[in-house]
1. Stretch Leu53-Arg77 to full length: gain in nm at 0.36 nm per residue minus the Cα-Cα span?
2. Say each of Thr60 and Leu103 gets a label point 7 Å from the Cα, pointing the same way as Cα to Cβ; how far apart are those two points in nm?
3. Using the Cβ atoms and a cut-off under 11 Å, what net charge is assigned to the surroundings of Ala100, where Lys and Arg are +1 and Asp and Glu are -1?
4. Label-point separation (nm) for Arg90 and Leu44, each offset 7 Å from Cα along Cα-to-Cβ?
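Since every read-out is calculated from the coordinates, none of them should be taken as a lab result. Just so it is clear, the structure is predicted and the values come from calculations on it, not from any experiment. Glycine also receives a Cβ, built like all others from the backbone with ideal geometry; neighbour counts cover every protein chain displayed.
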Amino acid sequence: MARVPLCGNQNIDTARHRFVGGLVRKRQEPVHCGAYFLGLAMNLTDATLVLLLAARIHGTDEAVRASAKSVVKKLPRSKRDLIYKVIDSRSPLELVDFLAQNLDT
């Protein structure tokens, strides 16, 4: 963030302060409310959704593999085998496409 000059020699760091109604207030510490910060583990459905989104948005093997590596750390150990197969696959994008085609059955 930038430093904003005020009257005199005072500078306000906008990363640590915010302007409210012409007054300068110190920013509060950020509050993380995501599931990861609340201690809730990711389930296999969440991990599959992440992989499907990575395949849809990026459309590359590298993106799907990177997403799988990120997700596998957040899964319980008993649910990691499918994600490891995606990571170790020659073509993770094709494997995720195959999984997407067979979700309903």
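1. So the extension gain works out to 6.4 nm.
2. My value for the distance between the label points is 2.4 nm.
3. On the way: positive: Arg56; negative: Glu94, Asp97, Asp104.
It works out to a net charge of -2.
4. Going by the 7 Å Cα→Cβ label model, 2.6 nm.
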